[in-house]
Amino acid sequence: MSMKKTAIAFCLTAILMQTQSYAQTLFTYGTHEVNKNDFLKAYNKNPDTTGPRAEKLKEYLNMYVNFRLKLQAAYDEKFNNDESLKAEADNFKNQLTENFINDQANLTSLIREAFDRSQKDIQLAQIFVRVKKGEDTTAAWQQINAALNELKNGSSFETVADKYNADASLKASHGVTGYITAFTLPYNVENMVYALKPGNYSAVYRSGAGYHIFENKNERPAAGRRKIQQLLFATPPFFTAEQIEEKRKLADSVYQQLQAGKSFSVFLSDYGNDTNPYDGSSNLEISVGDYSSDFEQQVYALQKPEDYSKPFQTAYGFNILKLVEAVPVSHDINDVINYAYLQDKVQNDGRLSTAKNKLMQKWYTDTKFKEYNYNKEDLWAFTDSAIESGDEPAKPYKSVKPSTVLFEFAKQVITADDWVKYVRSAQETSETPVQEQYEKLMPSFKDASLNTYYREHISDFNTALSGQMQEFNDANMLFAIMDKHVWSKASLDTTGLKAYYSAHKEKYQWAPGASAIVVSGPDKKTVEEIAAKMKANPADWSRIAGDYGSEYIVDSSRFEDGQFPAKQTVQLMKGFQTQPEANDAGDAYSFVQVLDVYAQPSQRSFEEARGMVINDYQQLLEDKWLKDLKVKYPVKINDAVLKSL
């Protein structure tokens, strides 16, 4: 054998030996095998390093064997076909898929970008030339370019805005629209505006309404958000001058009553906005740029919660505003509440959709998309016939039949029949006949098919998801089989529980301790007041507690020494009372008062011991079940492989 062949043979032998070594069977249960690789993968996810490795591996092996036995029992009992478990698995897969796609779309970067932009507000000015729907754009295009040229030649933005703005409000404000912040504008416009330095203007931008040139007129530190309540005395456009005057007088009357001490909330039912569906209040949350400048100025002029404005007029009527909360801008990207707020805004804003749409171009390549040749005119006629036939199966037309392939992905073909189903669905929400939209619908159909295929085959594009899905399914099945054979079985078997309790009564003893009451509530002074009253009259603790309403919770129970819910040491002495103390969160205060002392151990009743009995009885049932499983699936450990670990 030549040296080259010898070297190749040696390498192949080494690879085979390594593969065989790593895939060696560690143990069998019945006809099933578990190799060394699978066991180590499970162990290494959370290895126990508190003792000798060999000892910890043996301990984990025992638990892992039991896990595989229970899981096999779940498969044998067809828990993998359980519809509720399948639904949970689908939901979990959808969550993983969405997270993976969000990562691809750079959700984290979008949140960071929004955070950075939210640190400042920009005073925006614009030159706007309207283009009416269906109107020729030539004149408007020439006009906006003339404005741009004047800016380039050194004319001030204000001068050019005054000359070219036809909109009355823009003309009155010299083109200034007010302050904006992150999420105020469409994302593509926001990108343009936040790229400008103060005093700079943008290129021409075409919107659905016309042509724009934007200027970053000024910047300021972000003003944050405001939660307000509003009283609106509406003056619709058809109101006469006399009717408007009546509303002004009504607003003034309400304001005078507020000044005299009447509560703002009294007027909300008549003049307030509808209840907020998110928090059940009448609060409005206002961000910079959400409303007109005159309204916004009144909102941000309110300094302290409970401050309210004088009546002021806007296009909608007369308003009185009350400040509920000023929400300052967070300057910490790790602020959990603000991060969640930004993430929600990003996910419900066009920017994430834009990023995902860009991803789809990559997905077409990843999914091995291939379009087939077909006759479009025949397909449109075939579709017309199918739409007219209602729910009847579509009939072939010339070169097109239901099974005609329009395009394919790596593991799926999309047919004319799939296309017809999509068109029928589109017909239900379309305001115009779908027969006129086939050319426009086809790209949407391709994108929708791509999106569905990519999500359904997500594990082909992220192999880690398969492992996560398997772990989730295994955990769900294990929970279900344990509930059937151990947890619910023990909890519902009252006869068995009582028999177990009777046979093991000596295990269920009260250690020395006391019966005591625990009082907690949100206000320290009130809790101290309750404590003083109960100290003076401990026998009447129940009535005393009842005088303070549901915010102040009283619980009476028996506690073993050292198990009292208090940071202070509780003395086993009748009448002893701890000092009221704050909980870890600082939002509640509590104290313990001893009612009776039990100096000697005593027997727990069945009801007092029920929780402990259930735990012990569950362990008994689990041990018996595992014993039966080991008979059904005999376990054999490969000691040689175990030692090699």
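Within the stretch 95-113, the set of residues being free of Cβ contacts under 8 Å to residues at least 40 places away in the same chain and not hydroxyl-bearing (Ser, Thr, Tyr) comprises 95, 98, 99, 103, 113. Here residue 570 qualifies as outside any helix (DSSP H, G or I) and either of a type in the set (Lys, Arg) or in contact (Cβ under 8 Å) with a residue 12 or more places away in the chain (or both). Being within 24 Å of residue 627 (Cα to Cα), among the aromatic types (Phe, Trp, Tyr), within 31 Å of the chain's Cα centre (by Cα) and surrounded by 15 or more Cβ atoms within 10 Å (Cβ to Cβ), is that true of even one residue in the stretch 53-71? Among the residues of the stretch 53-71, not one is within 24 Å of residue 627 (Cα to Cα), among the aromatic types (Phe, Trp, Tyr), within 31 Å of the chain's Cα centre (by Cα) and surrounded by 15 or more Cβ atoms within 10 Å (Cβ to Cβ), which makes the answer no. For the stretch 162-201, residues that are of a type in the set (A, V, I, L, M, F, W, C) and out of contact with any Ser or Thr (no Cβ under 9 Å at 6 or more places or on another chain) total 5. Does residue 88 meet the test of being touching a residue at least 40 places away in the same chain (Cβ under 8 Å), within 16 Å of residue 471 (Cβ to Cβ) and surrounded by fewer than 16 Cβ atoms within 10 Å (Cβ to Cβ)? Here the answer is yes, as residue 88 does meet what is asked. The residues in the stretch 150-172 that are more than 19 Å from residue 198 (Cα to Cα), open to solvent by less than 60 Å² (accessible area, probe 1.4 Å) and of a type in the set (Gly, Ala, Ser) can be counted, and the count is 0.
For (1) open to solvent by 40 Å² or more (accessible area, probe 1.4 Å); (2) over 30 Å from residue 329 (Cβ atoms); (3) among the acidic types (Asp, Glu), each residue gets a yes or a no:
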{"site": "188", "(1), (2), (3)": "yes, no, no"}
{"site": "199", "(1), (2), (3)": "yes, no, no"}
{"site": "210", "(1), (2), (3)": "no, yes, no"}
{"site": "214", "(1), (2), (3)": "no, no, no"}
{"site": "227", "(1), (2), (3)": "yes, no, no"}
{"site": "242", "(1), (2), (3)": "yes, yes, yes"}
{"site": "248", "(1), (2), (3)": "yes, yes, no"}
{"site": "257", "(1), (2), (3)": "yes, yes, no"}
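Name the pairs: first residue in the stretch 226-252 and small (Gly, Ala, Ser), second residue open to solvent by 70 Å² or more (accessible area, probe 1.4 Å), Cβ to Cβ under 7 Å, at least 6 apart or on different chains? As it stands, the answer is 234/316, since those pairs meet every condition given. Restricting attention to the stretch 374-409, the residues that are closer than 30 Å to residue 458 by Cβ and either open to solvent by 20 Å² or more (accessible area, probe 1.4 Å) or in a loop (DSSP other than H, G, I, E, B) (or both) total 6.
Within the stretch 229-240, can you find the residues that are open to solvent by 70 Å² or more (accessible area, probe 1.4 Å) and either of a type in the set (Phe, Trp, Tyr) or within 35 Å of the chain's Cα centre (by Cα) (or both)? Listed by number, the list holds a single entry, 238. Just one residue in the set 196, 185 is closer than 30 Å to residue 353 by Cβ, of a type outside the set (Lys, Arg), in contact with an Asp or Glu (Cβ under 8 Å, 6 or more places away or on another chain) and in a loop (DSSP other than H, G, I, E, B); that residue is 196. Of all residues in the stretch 114-149, those that are free of Cβ contacts under 8 Å to residues at least 40 places away in the same chain and closer than 17 Å to residue 193 by Cβ total 1.
One residue stands out in the stretch 410-424 among those that are out of contact with any Phe, Trp or Tyr (no Cβ under 9 Å at 6 or more places or on another chain) and either under 26 Å from residue 368 (Cβ atoms) or touching a residue at least 40 places away in the same chain (Cβ under 8 Å) (or both): the one that is surrounded by the fewest Cβ atoms within 10 Å (Cβ to Cβ), namely 421. Say whether the condition of being under 30 Å from residue 145 (Cβ atoms), assigned to a strand (DSSP E or B) and not β-branched (Val, Ile, Thr) is met by at least one residue in the stretch 219-229. So far as the stretch 219-229 goes, yes, one or more of its residues are under 30 Å from residue 145 (Cβ atoms), assigned to a strand (DSSP E or B) and not β-branched (Val, Ile, Thr). Cβ-Cβ distances below 8 Å connect the following pairs, each with a first residue in the stretch 602-616 that is more than 15 Å from residue 557 (Cα to Cα), a second residue that is of a type in the set (Lys, Arg) and open to solvent by 70 Å² or more (accessible area, probe 1.4 Å), and a separation of six or more residues or different chains: 603/505; 606/498; 612/507; 616/507. The number of residues in the stretch 315-373 being over 15 Å from residue 450 (Cβ atoms) and in a strand (DSSP E or B) comes to 11.
Across the stretch 580-596, the qualifying residues are those that are of a type in the set (D, E, K, R) and assigned to a strand (DSSP E or B), and the one among them that is nearest to residue 557 (Cα to Cα) is 596. I'd like to know if the stretch 276-286 contains one or more residues that are open to solvent by 40 Å² or more (accessible area, probe 1.4 Å) and closer than 30 Å to residue 103 by Cβ. Yes, some residue in the stretch 276-286 is open to solvent by 40 Å² or more (accessible area, probe 1.4 Å) and closer than 30 Å to residue 103 by Cβ.
Count of the stretch 510-531 residues, restricted to those that are exposed (fewer than 13 other Cβ atoms within 10 Å of the Cβ) and not basic (Lys, Arg), is 1. Set side by side, the residues 468, 437 differ, and just one is open to solvent by 40 Å² or more (accessible area, probe 1.4 Å) and more than 28 Å from residue 389 (Cβ to Cβ), which is 468. A count restricted to the stretch 599-645 and to residues that are in a helix (DSSP H, G or I), surrounded by fewer than 11 Cβ atoms within 10 Å (Cβ to Cβ) and hydrophobic (A, V, I, L, M, F, W, C) stands at 2. Checking each residue in the stretch 544-567 for being open to solvent by less than 40 Å² (accessible area, probe 1.4 Å) and assigned to a strand (DSSP E or B) picks out only 559.
If you check residue 113 against the conditions, is it charged (D, E, K, R), within 30 Å of residue 217 (Cβ to Cβ) and surrounded by fewer than 12 Cβ atoms within 10 Å (Cβ to Cβ)? Criteria not met by residue 113. Here is a list of conditions, (1) of a type in the set (Gly, Ala, Ser); (2) over 30 Å from residue 93 (Cα atoms); (3) surrounded by fewer than 16 Cβ atoms within 10 Å (Cβ to Cβ), and residue 475 meets all of them except one; can you say which number that is? Every condition holds for residue 475 apart from (2).
Scanning the stretch 487-518 for residues that are within 28 Å of residue 553 (Cα to Cα) and aliphatic (A, V, I, L, M) returns 511, 514, 516, 517, 518. Among the conditions (1) among the hydrophobic types (A, V, I, L, M, F, W, C); (2) more than 30 Å from residue 283 (Cβ to Cβ); (3) modelled with pLDDT under 95, residue 336 misses just one, which is (2).
The values are calculated or read from the model by the stated rules, or taken from the named source; none is laboratory data. Fair warning: this is a prediction, and the values are worked out from it, not measured in the lab. With ideal geometry, Cβ positions are generated from the backbone for all residues, glycine too; neighbour counts draw on all protein chains shown. Remember, those area values only see protein heavy atoms, side chains included, never the ligands or the DNA or RNA. Shrake-Rupley method; radii C 1.70, N 1.55, O 1.52, S 1.80 Å.
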